[in-house]
Each structure stands twice: as C-alpha cells, then as structure tokens.
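Undergrad: Starting off with a structure, shown below.
The values are calculated or read from the model by the stated rules, or taken from the named source; none is laboratory data. Everything numeric in this text was worked out from a predicted model, so none of it was measured. As a convention, Cβ positions derive from the backbone with ideal geometry for all residues, glycine included, and neighbour counts pool all protein chains shown.
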Amino acid sequence: MEILAVVLLAGLVSGYLVLAGCDIGLGMLMPYVARTGAERRRAVSAMAPYFLGSEVWLLGTVGVAMGLFPVLKAEVITGRWPVFVALLAGWLFRDAGLWMRGRMRTGAGRAVCDVWIVGGSWTLALSLGLVVGGLLGGGSLLSPFAIACALTAVALFALRGAAFGAERLVPAAAAEPMHRQSPSPAPDGVAAGGGGAVPGRLPGGGASGSGAGGARTASGVPAAVIGHTAAPGSMPTESAVSADTAARATRPLARAALAAALLAAAASPLPGGVAAERPLAAAATALVVLGALAATSGLTGPRLSRHTSAAALASVPLLIAAAVNLPVAPVPDGIAVLFYSAVAPLVPFMVLGQIWLYRMVRRPAPASGFFG
Amino acid sequence: MFDLFQDPLLLARVQFALTASVHYIFVALTLGLAPFILFGQLGATLRRDEARMRAVRFWGGLYVVNYAMGVLSGLVMELQLALNWSGLGDMFGYAFGAPLAVETMGAFFVESTFLGLWIFGWDRMSRWAHLMCFAVVTGTAYLSAYWVLVANGFLRYPVGGLRIEDGTARVSDPAALMANPSTLMAFGHICLSALVLGSAVVIAVSAYHLARRNDPDRMFGRGIRWGTAVFALALYPTAHVGVMQFALYDRVPPGSGLTYGPEEIAAIEAEGSAPGFFDAFGDGLMMGSWALMSVITLVLLAVWLLRRLDRWRGVLWPLVLLPFLPYGASVGGWVLRETQRQPWAVEDLLTTADAMTDMTPSMAAVSFSLFTLAFAALATVTYVLLVRYARLGPELGPLAPLRTKGPAEGDDAELPTVHTF
C-alpha cells in the first residue's frame with residue numbers, strides 16, 4: 001500500500017513543479033518581459049488559470065504529507081521553519097496579488113499587486129530551491145550546496161516561465177483572426193526568423209536568428225509572425241513583444257540553470273553537500289536534469305525549452321527519492337482505507353477538470369478578464 | 001501586550017483563533033452563496049434567460065472575490081497546523097491529518113479546478129456544461145466542509161477505535177471516524193448556518209438596491225424573496241442542530257484514557273480550565289444574534305405577507321446591516337466550540353500546550369506579527385472589494401459581460417472597469 005502513497009506524493013510534487021513552474025516563472029520574469037500596462041495585464045491573465053489549477057497540487061502535497069506521512073512531514077519541516085514561513089508568505093502575497101490585481105482601480109494598486117506577484121514568485125522559487133537543497137544535503141540550509149540548489153531552482157523556474165510566456169503572451173486580438181485566415185502553420189523558415197518582427201521595438205532581434213525564433217503559439221504559428229501580420233481590423237498596435245522577449249530569454253536562462261546545476265554538482269562533495277544514500281541512482285537522475293538543460297542551451301533552445309524545463313522540474317522529486325532515504329513509514333491500514341475510498345471517487349473529476357482547464361485556456365491569454 | 005509576546009503558547013493560540021475566524025467568515029459566505037448561484041443558474045439555463053444569467057454573473061462575481069480570501073486564509077491555516085502545532089501531528093498525524101489530506105487532495109483540488117473552469121468557461125462551453133461546473137464547485141465546497149469537520153470533530157470527540165503505538169494514535173475503525181457524532185452534528189449546524197449567512201447577504205445586497213429603487217432585470221426583487229425564504233427556513237433548524245451538540249459535551253469520548261488516567265485528566269482540567277470568559281462571550285454572541293434574527297424573520301415574513309418586501313424603505317435600509325448578525329454568530333460559535341475544549345487540543349488525550357511546536361518566543365512573535373498583519377490587510381481589502389462590488393450592481397461586477405472595449409495597448413492607460421471572460 002505504501003508504494004501507492006509514495007507514488008502519489010511524488011506525483012503531486014512533480015505535477016506542482018511542472019505546472020506551477022509556468023506561472024511562478026512568468027511571475028518572476030514579469031518585470032523583464034512585460035513592460036507596459038497592457039503587457040502586464042496579459043501576463044497576469046496568462047498566469048491566472050495556471051495558478052488556479054496548479055496551487056491545488058501543492059496544497060494536496062501538504063495534505064498528503066500531513067495525513068499519510070506525518071513522520072516525513074515532521075522530518076522535512078524540522079529545522080527548516082524559517083524557509084517554510086518564507087514560502088508561506090511568498091505564496092500568500094503572490095496569490096493575493098494575482099487575485100486582486102484585476103480589482104484595483106488605480107495604477108498604484110496595480111503596482112502594489114505587481115510587486116506582490118513578482119516578489120512572491122521569487123520567494124517561492126528560492127524557498128522551494130532551499131527546501132530541495134536542504135533535503136538533498138541532509139539538513140543545512142546555508143551550505144554552498146543548498147545555495148547552488150536554490151540558484152538552480154530560480155533559473156529553472158525562470159526558464160519554464162520564459163517558455164510558457166513565449167507561447168502565451170501573444171496578443172489574442174492579433175492571434176485570433178490569424179486562426180481563421182491561415183489555419184496551416186507557417187513554414188519553418190519563417191519561424192526561424194522570429195525575433196525581430198516588430199519594427200523599432202526589438203533591437204538586434206533579427207540577428208538572434210534561430211536562437212530566438214521558435215516561439216510559437218498554441219496553434220503552431222510563430223509568435224512574432226502573428227504580431228507582424230495582424231489581420232486588418234485587429235488592433236494594429238498589439239504586438240508580440242513580450243512573447244519574443246520571453247522566447248529570447250530561454251537560451252540564456254537554460255545556460256544559467258545548467259551552470260547553477262553544475263555548481264551544485266561541484267559543491268555536492270563539500271561539507272553540507274549531498275548525503276547520498278544511493279550515489280549511482282542520484283547521479284543518474286541528476287544527469288537527466290543536466291541533459292535536459294544542456295539540450296535547451298544550444299541552438300534549438302526555445303523550441304525545446306517547454307519540454308526540457310518540464311522534464312528537469314519533474315525529475316526533482318525523483319532525485320530526492322533516489323538520493324535520500326526519507327522516513328517513509330507504511331500508511332496504517334485503517335487510514336489507507338479511509339483515504340483511498342474517499343479520494344478514489346474524486347479522481348475522475350480531478351483528471352477531467354485539470355485536462356479540461358488547461359485545454360480550454362491553451363489559446364493565447366486574453367488582454368483582460370477577471371484576472372489581470 | 002508585552003506578556004502576550006513572551007508566551008509562545010498564547011501567541012500561537014491567538015494566531016490560530018484569528019486565522020480560523022477569518023478563514024471561516026469567508027468560507028461561510030462561500031458555502032452560503034453557492035446554492036443561490038447554483039439554483040439561479042439552473043433557472044437561467046432551463047429558461048434560456050439572459051436576464052437571470054446576468055444576476056448569476058453578479059452574485060458569482062461576489063462569490064469569486066470572496067472565494068479568493070477563503071483560499072488564502074485556508075492555506076495559511078493548513079500550513080500553520082503543520083508549522084505551529086506539530087505535537088498534534090506527531091501523535092494524531094493519521095487520525096487528524098488524513099481527513100485534511102482528503103479535503104485538500106480531493107475536495108479542494110476539484111473545487112478549485114472547477115471554479116477555474118467556471119470562471120474561464122463563460123461563453124466558451126455549452127450552458128449545461130457550465131452549469132455542471134458550478135454544481136461540482138458547490139458539491140465539493142460542502143464536501144470540503146465535511147472533511148474539515150471530520151478532523152475538527154475528532155479533536156472534540158476522539159473516536160475511531162484508537163490505540164496508541166509508538167507514541168502515535170492508530171485508527172482501526174475509519175467508518176467511526178467518518179460517522180463521528182461530533183462531526184455530523186457540527187456539519188449540519190455549519191451547513192444550515194452558512195445558508196442563514198448567505199441568505200442574509202443576499203437580502204442585504206438586494207435591500208440596498210431596492211431601497212435605491214434600482215432593480216435591473218428584477219433580480220433584487222427575486223433576491224430578497226428567495227433570501228427571506230431561505231433565511232426563515234434555515235434559522236430555526238440551525239439553532240436546533242446547534243443545541244443538540246451540547247448533549248455530546250457531557251459524554252466521555254471513547255478514546256479517553258489512552259494517554260492519561262481519569263485522575264490525571266481531572267487534574268489537568270482543574271489546573272488549566274479556561275477562565276470561562278471566552279465561552280460566555282462566544283455563547284452570548286451566537287445566541288444573542290440568533291434571537292435578534294428570529295425577530296427580524298417575523299418582521300420580514302409579515303412585510304412579505306403585506307406584499308411590501310421590495311418597497312418599504314423603512315424596512316429595507318436597516319436590512320443592509322443584517323449580515324453582521326450571522327457573521328457575529330458564526331465567529332461566536334467557533335470561539336465557543338474551540339475554547340470549550342481547552343485545555344485539551346484532543347479531548348482527554350493531548351493538551352494544547354503539548355500540541356504546540358517547540359518555538360522560541362521570537363519565532364512565535366515573528367510568525368504572529370507577519371501573518372496577523374498580512375491577514376488584517378488582505379481581509380480588509382477583500383471586504384472593501386465585496387462591499388464595492390455589491391454596491392456597484394450587476395453592470396460593473398467582476399464577472400459582468402463586456403460592454404465597452406478596453407483601451408488597446410495604451411501604455412498604462414490601464415484598465416477598463418468592465419471585464420469579461
């Protein structure tokens with residue numbers, strides 16, 4: 001029975017990191033990719049459905065850890081109280097900013113919400129990284145290894161956010177007429193030229209060539225092309241600047257994440273480094289993370305970064321499971337019966353709801369809505 | 001005040017009381033408003049009535065603004081249990097934690113996902129699918145309340161064929177945990193009182209607009225009649241189920257005696273029993289509010305009989321303040337339930353002092369100040385927003401259909417006040 005619970009817990013953590021990576025990362029990058037009011041609004045509306053759908057995975061993780069693995073929960077929290085308080089505060093303020101931004105009537109109110117969203121996203125990424133580093137390192141929070149882990153986490157989240165932004169920050173008003181007029185994806189040659197489609201806004205964009213090019217919308221149309229060839233009648237000033245900026249950021253971010261991960265690997269033999277119980281398994285999983293990042297650091301970066309960042313983030317719980325013997329006691333029978341019989345009828349709703357939600361909002365984010 | 005910050009236990013308790021009260025006042029409106037929206041949307045869907053659907057968007061806007069704060073306070077409460085009350089988790093991690101795991105992992109997971117679908121699904125899915133989304137939201141909201149009360153009921157009346165092994169409590173009878181009388185009665189009480197609160201809010205908002213002779217699509221006339229009907233129907237059973245719980249307080253819970261003998265229990269209770277002030281305060285607030293609400297119900301029904309429910313300003317204006325009574329009663333009820341159990345965290349088994357994490361005064365003070373301030377700010381903002389949108393009416397609500405196009409991309413020319421999905 002306990003293997004099911006362990007898989008459930010690891011699955012929840014992976015799901016959270018992969019899905020929330022999108023909205024946390026975009027929140028971190030907001031000051032960089034979304035400069036104007038309209039762009040910021042779009043960034044928040046892009047994050048909104050993801051944070052609604054993804055934070056439940058983290059709350060589910062907390063719940064499962066509390067209910068099925070109380071010893072594990074105690075072990076993880078003991079000694080890391082400040083990190084968890086920071087995590088909770090970051091989570092709280094970020095959510096508050098996301099929920100309330102669309103309700104603010106003044107620029108100052110929205111600016112406060114933006115500060116909460118950006119600050120909260122950074123706090124979440126840093127504290128999650130510190131927790132991972134602390135777990136792998138067997139306790140110490142401020143060892144070189146734990147800090148390198150936190151840096152890796154920050155870069156990984158930012159990479160995921162950039163990949164997400166490249167896809168979702170395309171103006172809907174510009175994108176939707178395109179769907180009707182040219183349903184077939186643009187040829188790859190056009191996609192590769194991506195970056196510099198909006199004249200005067202993207203110095204050096206064209207020169208970035210294949211590095212910046214692969215930003216695509218959900219329909220497979222390159223972001224910049226949409227910005228450029230917006231159909232008549234749509235707002236001509238709407239551009240895909242944010243999406244292009246995000247797309248161009250993926251490669252440097254992947255390199256930063258790779259560098260930080262290598263730094264962590266180098267720091268792992270130091271005091272406070274990895275207390276690996278199964279060094280081989282840990283190294284193999286770490287290689288998955290490094291390989292994913294290396295693949296994204298090259299010329300094909302932007303196009304792959306969505307998948308590689310997801311793969312790297314999803315391997316994190318596996319890495320922890322491989323490296324450290326966490327105190328996982330078997331779930332007592334009575335509690336297992338209670339939990340599984342109560343949760344099983346809800347599982348179809350969970351699966352249906354999550355898939356439906358992400359499918360429904362796959363098109364580029366609207367310029368305004370309840371959130372934004 | 002100085003003393004308060006020297007005593008981590010008192011701080012942690014006050015912090016939890018504040019978190020729980022703030023959480024509950026938002027949750028109660030979530031529970032109370034959901035059926036109004038669900039049946040409103042059902043009516044609108046059956047009749048294909050756009051006017052009724054605008055009313056659904058209005059009440060739904062209030063629901064979503066309120067829901068946000070319920071989630072924020074809920075997650076702080078969940079993590080506070082893990083951070084500040086680890087003694088509870090060490091000993092009763094399974095019995096107390098598993099119901100909360102079901103709540104977060106199952107009910108809240110589904111509720112939040114489907115609320116997202118409902119928010120983003122206006123005009124993107126068929127009207128029946130959209131209605132079904134809110135039906136799932138309503139069902140899981142009540143399911144959440146049930147599972148939280150399974151955990152809470154266990155504290156008051158520990159059941160489940162408990163035995164203590166290696167310092168942790170094992171549950172051998174999960175069905176008894178789910179059918180805990182303390183849980184079931186509290187759940188009935190909570191559902192009914194949430195309906196009282198939700199209908200009081202519907203009455204108050206409707207009364208405000210009717211008093212100003214503003215009744216677009218006749219939605220507030222319907223609102224005050226439905227609100228009054230539910231209010232009148234739910235008020236007496238709320239008290240009835242509530243009072244039934246007192247019988248349970250005299251019984252010795254089945255789990256008693258596992259950790260302390262009867263003499264020790266008597267000694268602990270004699271030494272640490274609460275001064276009684278908070279019990280009396282909570283009890284008085286709840287009962288007093290209820291008595292006032294009973295009188296108001298009679299007045300409302302009489303005015304309805306005279307067919308003046310949506311017209312007499314002398315009745316309508318005071319009704320705007322009606323929600324204060326059920327809100328006060330709800331907080332009072334929780335204060336009573338939680339202080340009556342003291343000095344126990346789990347009745348007869350674990351004292352509140354032992355349930356607390358070993359914290360230094362400075363840790364407790366930091367956590368307390370940070371979250372109390374953040375909570376006060378967020379709760380205030382949420383209430384300001386709720387009152388603002390309630391007063392603005394259906395045309396300018398957060399879920400209102402788009403009427404004017406927002407500025408295209410003016411740099412910081414910012415926000416149309418009208419939104420759509």
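Undergrad: How about segment B:1-120: which helices (runs of 4 or more DSSP H) wholly inside it have at least 3 residues that are within 14 Å of another protein chain (Cβ to nearest Cβ)?
TA: Fully inside segment B:1-120 and qualifying: B:8-47, B:50-84, B:86-102.
Undergrad: Checking the structure you have, find out if any residue of segment B:236-256 is without any contact (Cβ under 8 Å) to a residue 60 or more places away in the chain, out of contact with any helix residue (DSSP H, G or I) (no Cβ under 9 Å at 6 or more places or on another chain) and aromatic (Phe, Trp, Tyr).
TA: Yes, segment B:236-256 contains at least one residue that is without any contact (Cβ under 8 Å) to a residue 60 or more places away in the chain, out of contact with any helix residue (DSSP H, G or I) (no Cβ under 9 Å at 6 or more places or on another chain) and aromatic (Phe, Trp, Tyr).
Undergrad: Now for a separate question. Restricted to segment A:22-64, and to residues that are assigned to a helix (DSSP H, G or I) and of a type in the set (D, E, K, R), which residue is farthest from the other protein chains (Cβ to nearest Cβ)?
TA: The residue in question is A:Asp23.
Undergrad: I'd like the full set of residues that are more than 10 Å from every other protein chain (Cβ to nearest Cβ) and small (Gly, Ala, Ser), limited to segment B:121-151.
TA: B:Ser126, B:Ala135, B:Ala141, B:Ser144, B:Ala145
Undergrad: Right, something else. Here's a check for you: in segment B:75-102, which residue that is of a type outside the set (A, V, I, L, M, F, W, C) and crowded, with 23+ Cβ neighbours inside 10 Å is farthest from A:Ala344 (Cα to Cα)?
TA: Checking each candidate, the answer is B:Asn84.
Undergrad: With the condition kept exactly as written, say whether any residue in segment B:403-416 is at pLDDT 70 or above and either at the interface with another protein chain (Cβ under 8 Å from one of its Cβ atoms) or surrounded by 15 or more Cβ atoms within 10 Å (Cβ to Cβ) (or both).
TA: No, segment B:403-416 contains no residue that is at pLDDT 70 or above and either at the interface with another protein chain (Cβ under 8 Å from one of its Cβ atoms) or surrounded by 15 or more Cβ atoms within 10 Å (Cβ to Cβ) (or both).
Undergrad: Can you tell me how many residues within segment B:92-134 are within 16 Å of B:Arg54 (Cα to Cα) and under 22 Å from the mean Cα position of the chain (by Cα)?
TA: 3
Undergrad: Okay, next question. Among what's in segment B:135-160 and is assigned to a helix (DSSP H, G or I), aromatic (Phe, Trp, Tyr) and buried (at least 24 other Cβ atoms within 10 Å of the Cβ), pick the residue that is nearest to the chain's Cα centre (by Cα).
TA: Looking at residues that are assigned to a helix (DSSP H, G or I), aromatic (Phe, Trp, Tyr) and buried (at least 24 other Cβ atoms within 10 Å of the Cβ), I get B:Trp147.
Undergrad: Quick check on segment A:67-103: of everything there that is within 7 Å of another protein chain (Cβ to nearest Cβ) and among the charged types (D, E, K, R), which residue is nearest to B:Gly97 (Cα to Cα)?
TA: A:Lys73
Undergrad: Checking the condition farther than 18 Å from B:Ala291 by Cα, over 24 Å from the mean Cα position of the chain (by Cα) and of a type in the set (A, V, I, L, M, F, W, C), which residue from B:Ile224, B:Ile265 passes?
TA: The unique qualifying residue is B:Ile265.
Undergrad: When both residues are 6+ apart or on different chains and their Cβ atoms are under 7 Å apart, which pairs have a first residue that lies in segment A:318-344 and is closer than 25 Å to B:Val150 by Cα, and a second that is basic (Lys, Arg)?
TA: Listed pairs, sorted by first residue: A:Pro332/B:Arg170; A:Gly334/B:Arg170.
Undergrad: Residues being touching a helix residue (DSSP H, G or I) at 6+ places or on another chain (Cβ under 7 Å), closer than 19 Å to A:Ala65 by Cβ and more than 7 Å from every other protein chain (Cβ to nearest Cβ): count how many of those fall in segment A:328-358.
TA: Adding up the residues that qualify gives 4.
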